[in-house]
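Asks: Sharing a structure here in structure tokens format.
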Amino acid sequence: MQFGILVNEGPYNHQASDSAYLFARTAIEKGHKVPRVFFYHDGVNNSTRMGEPPQDDRNVTARWSKLAEEHGIDLVVCVAAALRRGIKDELLAPGFRISGLGQLVEMGIQYDRLVTFGD
Amino acid sequence: MSDMDMEDDGSGIVKKFMFLNRKAPHGTVYALEGLEVVLITAAFDQDVSLVFTDDGVYQLMKGIDTKGIEVKDFSKTYRALEGYDIEKLYVDKTSMDARGLTEEDLIVDVTVLSDDEMKNLMEEQDVVISF
């Protein structure tokens with residue numbers, strides 16, 4: 001099955017991005033496909049490479065980048081939500097790209113399931 | 001017609017999208033940014049339904065004035081939805097009753113649904129996105 005994932009909350013403040021990551025990783029392990037993850041609202045804050053969490057904590061952004069590289073996941077950050085919050089191309093971690101909301105709608109149209117993580 | 005009407009994912013597939021608006025219009029950004037997704041989805045010629053439930057029913061209230069909190073008042077957008085061919089607006093009776101609201105308190109025409117009717121409408125959908 002093809003899953004699209006929508007992440008609506010920022011890292012660390014909220015569990016949404018962690019849960020989305022664990023869901024995506026597990027779905028792939030079980031033989032499903034996760035072609036794209038879309039980041040909206042404060043979820044766009046997951047995309048910046050400027051974050052430096054303490055050594056003894058997980059790095060939410062780096063984890064997404066690694067999963068994307070290993071499995072060819074398209075990590076898309078909403079342009080309007082990103083601009084509003086100061087997220088720019090030059091700040092993006094590997095694997096992330098900025099694009100429009102059409103990329104979110106496409107997931108709903110083309111994939112078998114769209115799963116939302118957030119409040 | 002705006003250039004948004006030209007959007008197309010190339011597949012020609014039309015799915016039933018339901019947007020579940022659950023939050024008050026102000027206090028968090030969900031209602032404002034959620035509305036953006038609704039407009040884009042309509043531009044992709046999808047079958048769009050909007051549901052207002054829980055505090056989401058406050059999004060449609062008459063007389064919203066945001067001057068005091070110095071944020072943008074986007075409530076006019078709800079009245080413009082018809083121009084995007086978004087005509088299926090639903091509110092949930094339980095949420096309206098709990099807040100002492102009636103249809104006369106709202107800025108647009110809506111269909112009021114019981115819990116059972118809402119459940120049936122949700123079951124018909126292909127995609128449900130909740131804000």
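Bear in mind that the values in this text are calculations on the coordinates, not laboratory data. Not measured: the values here are computed from a predicted model. Please note: Cβ atoms are built from the backbone with ideal geometry, for glycine as well, and neighbour counts cover all protein chains shown.
Asks: For chain A, modelled as a Gaussian network with Cα springs under 10 Å, which listed residue fluctuates most, A:PRO94, A:PRO54, A:PRO11?
Replies: Most flexible of the set in this elastic network: A:PRO54.
Asks: Which ³J(HN,Hα) values in Hz, rounded to whole numbers, follow from the phi angles of segment B:91-107 under the Karplus curve 6.51 cos²θ - 1.76 cosθ + 1.60, where θ = phi - 60° and Gly and Pro get x?
Replies: The phi angles translate into 10, 9, 4, 4, 5, 5, 4, 4, 10, x, 9, 10, 4, 5, 7, 9, 7 Hz.
Asks: In nm, what is the difference between 0.36 nm times the number of residues separating B:ASP54 and B:ASP73 and their Cα-Cα distance?
Replies: 4.8 nm
Asks: To continue, here is another question. Peptide A:106-113: average number of partner chain Cβ atoms within 10 Å per residue? Before the final figure, lay out the partial values.
Replies: Numbers: counts 5, 2, 13, 14, 5, 1, 1, 2.
That average works out to 5.
Asks: Greater than 21 Å separation of Cα atoms is the criterion. Which listed pairs, A:LYS33/B:LYS119; B:LYS16/B:LYS88; B:LYS62/B:LYS119; B:LYS15/B:LYS76, meet it?
Replies: Working: A:LYS33/B:LYS119 29 Å; B:LYS16/B:LYS88 11 Å; B:LYS62/B:LYS119 27 Å; B:LYS15/B:LYS76 27 Å.
Those over the limit are A:LYS33/B:LYS119; B:LYS62/B:LYS119; B:LYS15/B:LYS76.
Asks: For the pair B:GLU104/A:ASP119, report the inter-label distance in nm, with labels modelled 7 Å from Cα in the Cβ direction.
Replies: Reported label-point gap for B:GLU104 and A:ASP119 is 3.4 nm.
Asks: Each residue of segment B:10-19 in order: what ³J(HN,Hα) in whole Hz does its phi give by Karplus 6.51 cos²θ - 1.76 cosθ + 1.60, θ = phi - 60°, with x for Gly and Pro?
Replies: Residue by residue, segment B:10-19 yields x, 8, x, 6, 10, 10, 8, 9, 10, 9 Hz.
Asks: Which of A:VAL76, A:VAL44, A:VAL60 moves the most in a Gaussian network model of chain A with Cα springs under 10 Å?
Replies: It is A:VAL60.
Asks: In a GNM of chain B with a 10 Å cut-off on Cα contacts, which of B:LYS76, B:LYS67, B:LYS88 has the highest mean-square fluctuation?
Replies: For chain B, modelled as a Gaussian network with Cα springs under 10 Å, the answer is B:LYS67.
Asks: Amide H neighbours of B:THR111 under 5 Å, at least 5 residues apart or on other chains, H built in the peptide plane: list them.
Replies: Here the answer is B:LEU89, B:TYR90, B:VAL91, since their amide H atoms fall under 5 Å of that of B:THR111.
Asks: Give the calculated FRET efficiency between A:GLN2 and A:GLU90 to the nearest 0.05, with a Förster radius of 35 Å applied to their Cβ-Cβ distance.
Replies: Numbers: r = 31 Å, r/R0 = 0.90.
It comes to 0.65.
Asks: Efficiency by 1/(1 + (r/R0)^6): what FRET value for B:THR28 and A:THR26, r their Cβ-Cβ distance, R0 = 25 Å, to the nearest 0.05?
Replies: On the way: r = 29 Å, r/R0 = 1.17.
Working from the Cβ atoms, E equals 0.30.
Asks: Hey, another quick one. Using a/c under 1.5 as the rounded threshold, could you call chain B rounded, prolate or oblate? The axes a ≥ b ≥ c are square roots of the C-alpha gyration tensor eigenvalues, and prolate needs a/b larger than b/c, oblate otherwise.
Replies: Working: a/c = 2.00, a/b = 1.24, b/c = 1.61.
Oblate shape, in that a/c is at least 1.5 and b/c is the bigger or equal ratio.
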